[in-house]
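The structure appears right after this line, and notes come after that.
The values are calculated or read from the model by the stated rules, or taken from the named source; none is laboratory data. This is a predicted model, so every value here is computed, not measured. All Cβ positions, glycine included, derive from the backbone under ideal geometry; neighbour counts span all protein chains shown.
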Amino acid sequence: MSITLFTTENLPEGCIVKETFGMIQVTGTVEVSNKGIIRGMLQRNKNEYQEVIDSFVDSAPAEANAILGVQIATSSQQFSNGTFLYVTYIGTPAIIEET
């Protein structure tokens, strides 16, 4: 089952909320600095940002078909091994239906 993410306050016309679940939150890191040649080649097919989104969606209950009120917060930090973007997703899983 796929999950639809809604960042808006209102659902599209013709949709209703049948059930909501407890809020979920996921924080992940994305390296935004130059990784160097060797690490770059080893990880060239890795999409860290998509992995954070997938982790967020996967944390919703299996019966949910939407996550409502999705909000995103970011922060960055520089360390000796690189610069990292911290991405936090927050939302409320729900079951929505078309009327």
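Overview of values
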quantity: So MET41, is it under 23 Å from LEU85 (Cα atoms), modelled with pLDDT under 95 and of a type in the set (A, V, I, L, M, F, W, C); calculated: yes
quantity: Meets criteria (on the phi < 0 side of the Ramachandran plot, acidic (Asp, Glu) and at pLDDT 90 or above) for GLU9; calculated: no
quantity: Filtered residue count, segment 47-96, keeping only those that are charged (D, E, K, R) and either surrounded by 13 or more Cβ atoms within 10 Å (Cβ to Cβ) or closer than 12 Å to THR27 by Cα (or both); calculated: 3
quantity: Selection within segment 1-25 - among the charged types (D, E, K, R) and closer than 19 Å to PRO61 by Cα; calculated: LYS18, GLU19
quantity: Leading residue by the ranking (farthest from the chain's Cα centre (by Cα)) among those in segment 68-95 that are under 15 Å from GLY22 (Cα atoms) and among the aliphatic types (A, V, I, L, M); calculated: ILE95
quantity: Selection count, segment 6-21, where residues are touching a residue at least 12 places away in the same chain (Cβ under 8 Å) and part of a loop (DSSP other than H, G, I, E, B); calculated: 6
